[in-house]
Each structure stands twice: as C-alpha cells, then as structure tokens.
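What follows is one structure encoded as structure tokens, with my remarks underneath.
Please treat every number below as a calculation from the coordinates, not as lab data. In this text, all values refer to a predicted model and were calculated from it rather than measured experimentally. We place every Cβ from the backbone using ideal geometry, glycine too, and count neighbours over all the protein chains shown.
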C-alpha cells in the first residue's frame, strides 16, 4: 500500500523529545528518517526513563521507524558530512539553543547553500527571536511560560504540572510536523525551502481556549479551580462508591437535562435553567452530582449515564487503557517486534488515514550508528578507508 510521505527524506539532528517527535510523525507516514546520534553514547533519550534489558523503553517507542547514524556535530569533518547529507534531504529537524547550528556551520544559510529546497524545523525553548531566545528550557518550563501550569491544581495549593512535563514537548513535535508539511506545500509551488521556527511554550499558549481574549477584553485573570471547568458545570471528576473516578461533562442545557433525568432529579433544569446559574452555584451543582455518583459503583454509574447519553468516562489509568476494548479496537496501543525483548508496547499511529495509513515498521534502533554503513558507504559513497578513518577518529 502506498504511503503518503513515500520519498520524503528527513534528517533528525535533535535530542530528547520535541523535534525528534516531529521527525517520528513524518516517519510514520512513509518518510525516511535518519537519526543523527553522538558517537559512542548515542542520543540522550536512550538514558531517560525506565530501562529493560539494557535499553530505554521510551527510546524504543519514540525513535521508531528511524535509521541511526552517529556523527560528531562539533567536529568540522562531521559538519561536512551533515552538509553533504542535506543535499538529498527535504526536512532537517533540530532543537538546539538558537545560534548553536550556526556556530557549527550548519545554520539555515549553510544548509540552503547545499539544497535550496531544504526545510529546517527549529524547536527551541523560546524560539529563534526575542529577548529570551538563548535561555534553555524543557517541557516543565514551557508549561509554566505557556500559562497552563498556573491554571492547574487547586486554588489553595501550589500550581501543578498538567499531566506529565513532556506534554509541551509532544505538542511542539506535532506543531513542528504541521509546519514542515505546510512548508513542503509551499515548496511545491515555489521550489524554495524555509525555516519553521517554533518555541516550546507556544503550542501551550495557543491552546488556552478563551483565556487570552477574555483578559484582553476585561482584564480578568483566570485562576486555578481544581478539576472543574471555567465555562461549564457540572463538568468535573466524581468519586464512585467503589473508589474509582468518573468524568462527566455537561456543556449545554440539553446535556444537563439528560444528566438530571439520569440521576433521578428532573427538577434540576428548573432550579438551574441556564449555564450562568450553574456556574454561579457550581459547588451546589457538583455536590448534587457527587452525591448520586457516590451511591453507585463506577460500572453501574457509567451504565446509567450512557443510557441517558450523558458524556462520561472512567478516569483511566494506564492499566485501564491496556484493558479497554475500544482502545484495542482502535489499535491505540500496539505491540511492535523488538529483537532483544520480543516485543514492546507503544502508542499507535495517529491520525488514521483511510487510503494511506501510517505504520510502525520497527522500534527504535538498539545500537547508535546501526545504519552508518548504509548511509555513509551507500548513500554518500565514502570509500571504506575514509569511513574507517572517520570512525577511528570519533567523527562517526
């Protein structure tokens, strides 16, 4: 079956998560991705997270479908190899501090001199411009700067990291892949490449619903309200009799009426006729729903709510995800063959395309430089003696 991005070549110069995620997403839909790692030690992600049989499970998941070569980007001979590889590359992804690639002779101008159509995806903590451009940062910093951390948690407690600190990294990877595809479409029309400049915090800031326009109009600063929602009620998490948590979301009057019928309180729509009424008495409304939920086990409560078409779900743990039949049917978690482990469970491909679906061809390569000979001897045509010399010198 044809793949949407067959023939596209991506050079992944990045480390950890954000820009590598951009390359991973392109690779899932057919792009050939060459991952550039440090000679000897490999990418830093290989040492992050839980290890199994001497390999990072995180690495096996996030580096899937990639080829691995090693190259010392700080060495002039290594930089020359990267410039040569750029000649046949469509997208280069990097996430070093601004100015780093330029110091290595690998900035956009240098790469464009080799290939005028190359697209350089640059993901850094604060972007390529602005007074903070040279500051370092990771996902936790991006969540703090992007405004989501301030909103996460309860008003009488410190702000918390929403979900995991890596969510901003993955969102930036998604936005980076979108930027690359947009730039590729522009290149199809003009023949020219360009830079995709993305700060790690920017996808978070972009997803703050109406927080920005509301402040701009009224000067209103949204504060933490726990697990409730700013603009809708009841819209929260509720504890069941058997100690589970379920999520219920009522975002309009029709849904609230269905919830009232489900919990045996048909008078609630008359008592709280509009969303403004429910928001003004949020604690009372949530208390009524919680009282009903607390009298039921999670399975029974969800059955009643589902029968009345009330948006609801169990609050899933990772164990629940593995056991859920819908998650299985959608192939949201898949087992990928891995030589040393037999297989490794990883997130499935998103989104699902009907004619050119993505695929996971293999887990992340176990050894740094596993594809050195294929790329350096085959693609670049290095003589064996030159290859052996560069390897002995620690350039590759």
For the stretch 63-115, the Kirkwood Rh over every pair of distinct alpha carbons, in Å, works out to 11.8
Compute the relative contact order of the stretch 83-147 as a whole-number percentage, counting only Cα pairs closer than 8 Å that sit 6 or more residues apart in sequence. 35
Rounded to the nearest 10, the angle in degrees between the Cα long axis of helix 282-293 and the longest principal axis of the Cα atoms of the chain comes to 90
Order these peptides, 245-251, 62-68, by their mean beta-carbon neighbour count within 10 angstrom, highest first. 62-68, 245-251
Enter the Cα centre distance for the pair the stretch 279-300 and the stretch 142-215, rounded to the nearest angstrom. 34
So which residue, out of 73, 382, 85, gets the largest mean-square fluctuation from a GNM of the chain using Cα contacts under 10 Å as springs? 382
Expressed in angstrom, Rg and Dmax over the Cα atoms of the stretch 225-354 are 18.3, 63
If you split all Cα-Cα distances of the stretch 1-110 into 5 Å bins from zero, what percentages do you get per bin, shortest first? 2, 12, 22, 24, 19, 12, 7, 2, 0
Roughly what % antiparallel, to the nearest 5, for the DSSP beta bridges in the chain? 45
Pairwise centroid distance, computed over Cα atoms, of the stretch 55-113 with the stretch 347-396, Å: 12
Residue list for the stretch 202-241, given a label point 7 angstrom along the Cα-to-Cβ vector of residue 157 and an amide N cut-off under 15 Å: 224-228, 237-239
Residue 274 and residue 317 label points (each 7 Å along its Cα→Cβ direction) are spaced in nm at 4.4
At q = 0.07 1/Å the base-10 log of I(q)/I(0) from the Debye formula over the alpha-carbon atoms of the chain is -0.42
Give me the compactness ratio for the stretch 277-396, meaning the Cα radius of gyration over 2.2 N^0.38 Å. 1.93
Among 379, 299, 271, which one moves the most in a GNM of the chain with springs linking Cα atoms closer than 10 Å? 271
How big is the equivalent ellipsoid of the stretch 67-184 along its three axes, where each semi-axis is √(5λ) from the Cα gyration tensor, reported in whole Å from largest to smallest? 33, 15, 13
At 7 Å along Cα-to-Cβ for each site, give me the label-to-label distance between residue 128 and residue 87 in nm. 2.4
For the chain, what is the mean residue ellipticity at 222 nm derived from helices alone (per DSSP H run of n ≥ 4: -39500 (n - 2.57); sum divided by total residues; nearest 500 deg cm²/dmol)? -10000 deg cm²/dmol
Is any residue of the stretch 339-358 close enough, with backbone N under 15 Å, to a label point placed 7 angstrom from the Cα of residue 330 along the Cα-Cβ axis, and if so, which? 347-353
Take the Cα atoms of the stretch 290-350, find their three principal axes, and give me the spread along each one in whole Å, biggest first. 51, 19, 14
Kindly state, to the nearest 0.05, the FRET efficiency for residue 309 paired with residue 388, given R0 = 56 Å and r defined as their beta-carbon distance. 0.25
Taking Cα atoms only, helix 18-28 is inclined relative to the longest principal axis of the chain by an angle, in degrees rounded to 10, of 80
With the 8 Å Cα cutoff and a minimum separation of six or more residues, the stretch 39-114 has a relative contact order in percent of 22
Nitroxide proxy distance, nm - points 7 Å out along Cα→Cβ at residue 44 and residue 355: 4.2
Expressed as a fraction of 2.2 N^0.38 Å, the rule-of-thumb size for a compact globular protein of N residues, what is the C-alpha radius of gyration of the stretch 44-88? 1.50
Between residue 1 and residue 114, Cβ-based FRET efficiency (R0 45 Å, step 0.05) works out to 0.85
